[in-house]
1. Restricting attention to the range 204-217, and to residues there that are over 21 Å from Leu286 (Cα atoms) and over 13 Å from the mean Cα position of the chain (by Cα), which single residue is surrounded by the fewest Cβ atoms within 10 Å (Cβ to Cβ)?
2. Looking at Leu335, is it over 14 Å from Glu188 (Cα atoms) and buried (at least 17 other Cβ atoms within 10 Å of the Cβ)?
3. So for the range 669-677 (the condition being in contact with a Ser or Thr (Cβ under 9 Å, 6 or more places away or on another chain), among the aliphatic types (A, V, I, L, M) and touching a residue at least 60 places away in the same chain (Cβ under 8 Å)), does at least one residue qualify?
4. Which is within 17 Å of Thr557 (Cα to Cα), open to solvent by less than 60 Å² (accessible area, probe 1.4 Å) and in contact (Cβ under 8 Å) with a residue 24 or more places away in the chain, of Gly523, Gly488?
5. Please pick out the residue among Phe380, Phe431 that is in contact with an Asp or Glu (Cβ under 9 Å, 6 or more places away or on another chain), modelled with pLDDT of 95 or more and buried (at least 16 other Cβ atoms within 10 Å of the Cβ).
6. Looking only at residues that are hydrophobic (A, V, I, L, M, F, W, C) and part of a strand (DSSP E or B) in the range 694-728, which one is most open to solvent (accessible area, probe 1.4 Å)?
7. Give the residues of the range 34-55 that are aliphatic (A, V, I, L, M), within 34 Å of the chain's Cα centre (by Cα) and open to solvent by 40 Å² or more (accessible area, probe 1.4 Å), sorted by residue number.
8. Could you go through the range 631-645 and let me know if any residue there is among the acidic types (Asp, Glu) and open to solvent by less than 10 Å² (accessible area, probe 1.4 Å).
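The values are calculated or read from the model by the stated rules, or taken from the named source; none is laboratory data. Everything quoted here is computed from the prediction, not taken from an experiment. Neighbour counts run over all protein chains shown; Cβ positions are idealised from the backbone, glycine included. For accessibility, only protein heavy atoms count, side chains too; no ligands or nucleic acids. Shrake-Rupley method; radii C 1.70, N 1.55, O 1.52, S 1.80 Å.
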Amino acid sequence: MKLIFSISSLLLFFTGTFAQNFTQTVRGTVIDKESKEPLTGATVSLLNSNPVKGTATDINGNFRLEKVPVGRQSIKVIYVGYKEIILPDVIVNSAKEVVLNIEMEEVVVMKREVVVKANAKKNETNNDLVTVSGRSFTIDQTQRYAGSLGDPSRMASNFAGVAGGGSDQRNDIVIRGNSPLGLLWRLEGADIPNPNHFSSQGANGGPVSILNNNTLANSDFLTGAFPAEYGNANSGVFDLKMRNGNNEKFEFLGQMGFSGVELMGEGPLNKKKGSSFLLSYRYSTLAVFDAVGFKFGNAGIPQYQDISFKFYFPQTKIGSLSLFGIGGNSATQLLDSKKTPAEMAKLAFPLDIDYSSRMGVTGISHLVRIGKTSFVKTVFTISGEGNDVDIDSLNYLNNYNGVPIQYRRTATTRESLHSYFSKKIDSRNAFKLGIIVTTFQLNMKDTAYNARLGRYKVNYDINEGTGLLQAYANYNFHVNEKITLNAGLHYNRFLLNASESIEPRAGIKWKVTQKQTWGLGFGSHGQNQPLPVYFQKTLIDTGAGRYIFTNKNLKMTRSLHYVLSYENQLGANLYLKSEVYYQQLSKIPVSRNPSVFSVANFGADFVFPDADSLVNKGEGRNYGAELTLERFFADGYYFLVTASVFNSEYKGGDGVWRNTAFNGNYVFNALAGRELKFKKGGILTFSLKVTDAGGKRYTPVDIIRSAQEGKTVYVESRTNELKYKDYFRTDIRVGFKKNGKKITQEWALDIQNVFNTQNILTQQYNLRTGKVEKQYQIGIFPVPLYRIYF
């Protein structure tokens, strides 16, 4: 660390000795948003430049602006018959070219004259089929938002309707009271497994993201009533895009921070044909320090590494091709046996845990144009995920000698083909037809000690395969220049048990005035159960040890989304949005006999429950209101304020309505940032985030039964009845950027929970003390970062 500090300080000295006006090239491509046809002759200009700096796109839609000053710039694009576009927050660094892919929307021309004004709304989704409950996000936002740590999931927790998954150590996303498992991850048009390190069976997040924000392009985040092209999800969608590498010059990045020590390179493969590569590798920062002799006590050092890549070939004989992928593995040991006797005596259930996980996806994407108004895009991927767990009990009754209590090995692989045809009929009409075919192979072995039976029990011994077929159609109709209608249909068929769903979707946007827009969205959605649920065994003959599968015929959980939205562009950079929603869930698996159990609560504890003999008789309901007030980055500052009030309930096999594990009732976020420029080219940044949210739901402990049974026993009839005290946390981030002639450097310090607020994570019964003891979330947590472009 001292060596890195010394080198970066030396570079800072030399790059800051003389004040210089550094410049960089801004270039890119302008295309039609729906047909992807290049737009020839579009005017691209740099706003607030004197003299005016501008250019026009060539026959392939390409443009180039030379000698653009470093800093935040605004780009304006004009093309006859299309809505003007203003990109108001383009970051120009001295060491890296800016490459933009700009999509323009054709004007709907009616009989009367239409006045086209520039569109600078940065929150609009890339997918123009989204009418409600969606927004786009940028790489810059994942970097400059306090508390985001470069992680898209943590950044999304600032948005309305989103809450954390209950643990500061993880990035699980709870959308409008739904389980984190209801979220769909999509990368480059392909549905992918949970893209996080240290992921566990039954969760959809993790402590560290495998997604590398340095390789992502602007992407979409959807929270309800999403279009027909998205299926097998009930709560939301992360639709992620990877950017292409620079196809004209080689560029590199080095970084050390929360996500690891990183080296990234990009550059041309064939300049004449415009092909390029993008490749990044990261390795655990703490593991690097440990390897060179820095020790961190007896705590297990998290070991993880990941890779991201994309090879892009825009001009081949068969169309445009790209090869892409992400992948990572992680491992750690949490060994209570290395603690002192005094520390061990305080633990309710001392354990030695050996844990590892892995995830990867690689794919090929092909796009071929059919005339000037149609194209076919096909994405084929192979992906997989898995984890291994070994747990030894160190109970004092056994003199702290390790006794194996759980052994788990899981691996899920999938092959997926997503192909769709998109046709732009005219400026008012367009449609899309697509299919998604996915095969699954699940291998899972899980053996655990069952205290009630007094022996080890095989919970899972699975080697099974199945598949999921999906098809969809969507029609986009611009009724006139003010009203847009999207309607679609999605079809699911799960091959394991032939369960299926037909899901209509619809949305309408009405631009009442130039600044005010109303939206209405409806969606019918279906989602399969987590694969291991289908293969849970039920013991029917204790003597012979005979089991049967009682969950194999479970149907999909269904949900109906109703959303009403209102948007108001209060000023050039000030935006207001409000949404109210109701979500009705049905066919949720619950116990056959009266019980509080429901799959609606899966993902709350990051431990996959063993539940057999389930039936699709459970229900759920989520409803609430959300408010967003956002000032986009301009004049050196920005802010984002979101407020959500909601209620999330479920009905189990006992027919009683209860709070779900995710029913915090409200979330309030306030985020603000400031940027100060210095004459010698340095840029100082500040960001502050405050979160106030309803406390986590919990079930009280039955102290008498816990003492009798020697483990934590809860009062089942009061499941999720109580809440911990409200959650409160303040994060700050301070950063400094310095542009040199050939390098750009950044230093930052992100301090999470700066006031060291003690937020409760969970509670359990301590057998030694006979008391219920609380465990707390992460306290104050500083995270430094250094980044260099060259």
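1. Restricting attention to the range 204-217, the residues satisfying the condition of being over 21 Å from Leu286 (Cα atoms) are 204, 215-217.
From what is left, the residues that are over 13 Å from the mean Cα position of the chain (by Cα) are 215, 217.
Numbers: Thr215: 24, Ala217: 16.
Ranking the candidates gives Ala217 first.
2. yes
3. Within the range 669-677, one or more residues are in contact with a Ser or Thr (Cβ under 9 Å, 6 or more places away or on another chain), among the aliphatic types (A, V, I, L, M) and touching a residue at least 60 places away in the same chain (Cβ under 8 Å).
4. Every option except Gly523 fails the conditions.
5. Numbers: Phe431 fails: in contact with an Asp or Glu (Cβ under 9 Å, 6 or more places away or on another chain).
Testing whether each residue is in contact with an Asp or Glu (Cβ under 9 Å, 6 or more places away or on another chain), modelled with pLDDT of 95 or more and buried (at least 16 other Cβ atoms within 10 Å of the Cβ) leaves just Phe380.
6. Checking each candidate, the answer is Phe728.
7. The one that is aliphatic (A, V, I, L, M), within 34 Å of the chain's Cα centre (by Cα) and open to solvent by 40 Å² or more (accessible area, probe 1.4 Å): Leu47.
8. The answer is no; no qualifying residue exists.
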